[in-house]
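The values are calculated or read from the model by the stated rules, or taken from the named source; none is laboratory data. Keep in mind the model is a prediction, meaning the values are calculated, not measured. Virtual Cβ from ideal backbone geometry, glycine too; neighbours counted across all protein chains shown.
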Amino acid sequence: MERPPKGESMPSSPEVRDLHQEAVIIDGLFCKTYAPIPPTAEVDDMMLGHIVASGVTAFNNSVVADSYPQSLQGAINSLYHETLMAQAFPDAALIVRSTDDIRAAKASGRVGIILSTQGLHAIGEELRNLWVLHKLDVRIGQLTYNERNALGCGCKEPNDTGLTRIGQKAVEQMNLEGMVIDLSHAGVQTALDAAKHSKQPVVASHVGVRELNPHPRNLPDNLIRAIADGGGVIGLCPHSIFVEKQRGLRPTVDDFIDHIQYIVELVGIDHVGIGTDNFQYETHFTHVGRSSFERTYPGFFGGYGTCAYYCCSDCGRHKFLECHE
């Protein structure tokens, strides 16, 4: 089926609907399954219900994220909480420990939760902590967040010195444990080094194409090729700041699809996926979350979404700030 002209939607034929229902669909990154959102007539007020209703089979759930770096104990606490959440809704969710669990989720109409990290600050320089995380059902480990850690450099570091010796050993240990290595947020040199050092396919679960948008979270062609050459997958993220074509002009679905098509033409369709990265409704919950995130990374959302509210001195009410500088 050919892509429709820009601005026109793909017809929802019975074949398309059947394909969606039959396929195993994995979201490269999502999180906050317990987030409150507006209910509908069919689905309750928790994000988990909407994930199940969407037809997604399983998703990468970044329970441990280094936007605010966690200790190992903090990581354990987060993993415990998310595991309890899954156990509280056994008819809707299950923790994924192997590919058999993904198949079981599809067969039972539940959603599989693949526990992961965004950054490995929690392990420090103690690689045996990777064994601990794997025993606690973590199956995907992102090497860095935006800054430097003991393993390598994040994409916001001004000088990316590449994968460290500890980082090399971490890659080897993750290969041994069967943990997928995620290169999202990593600096380009660190990511290239990790892709080369790994004996197993690596992924970049939620990124964009730098050739189409120069955001530092987007990947250059040489890194896209390095991931694909090792059998890995690039999960494309629809965040506006990653796919916009003009600063401050909210992008369209077509603009996002351009990133998918670019990867397909560069390295082939087997190496492209989608990682929505917590794409959700505008609520007070998300407003607080984004505001907190922008305390650490000012301007990260580029003026899109709830982070762009300001307090009006004239009336004391919150208004939307139409400023994208």
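Quick notes
- Within the set PRO214, PRO201, the sole residue that is within 30 Å of VAL253 (Cβ to Cβ) and surrounded by fewer than 16 Cβ atoms within 10 Å (Cβ to Cβ) turns out to be PRO214.
- Considering (1) among the hydrophobic types (A, V, I, L, M, F, W, C); (2) part of a helix (DSSP H, G or I); (3) over 21 Å from LEU266 (Cα atoms), the lone condition that LEU223 does not fulfil carries the number (3).
- All helices (runs of 4 or more DSSP H) inside segment 233-319 with 3 or more residues being at pLDDT 70 or above and surrounded by fewer than 17 Cβ atoms within 10 Å (Cβ to Cβ): 253-267, 284-296
- Cross-chain or 6+ apart pairs with Cβ under 7 Å, segment 51-71 first and on the phi < 0 side of the Ramachandran plot and free of Cβ contacts under 8 Å to residues at least 40 places away in the same chain, then surrounded by fewer than 20 Cβ atoms within 10 Å (Cβ to Cβ) and in a loop (DSSP other than H, G, I, E, B): ALA53/GLU42; ALA53/VAL43
- Every pair of residues 6+ apart whose Cβ atoms lie under 7 Å, when the first sits in segment 151-176 and is farther than 11 Å from THR190 by Cα while the second is surrounded by fewer than 16 Cβ atoms within 10 Å (Cβ to Cβ): LYS156/PRO216; ILE166/GLU125; ASN175/LYS199; ASN175/GLN200
- The single condition from (1) in contact with a Cys (Cβ under 9 Å, 6 or more places away or on another chain); (2) in a loop (DSSP other than H, G, I, E, B); (3) of a type in the set (Phe, Trp, Tyr) that PHE59 fails is (2).
- Given (1) out of contact with any His (no Cβ under 6 Å at 6 or more places or on another chain); (2) farther than 17 Å from SER98 by Cα; (3) of a type in the set (Phe, Trp, Tyr), number of the condition TRP131 does not satisfy: (2)
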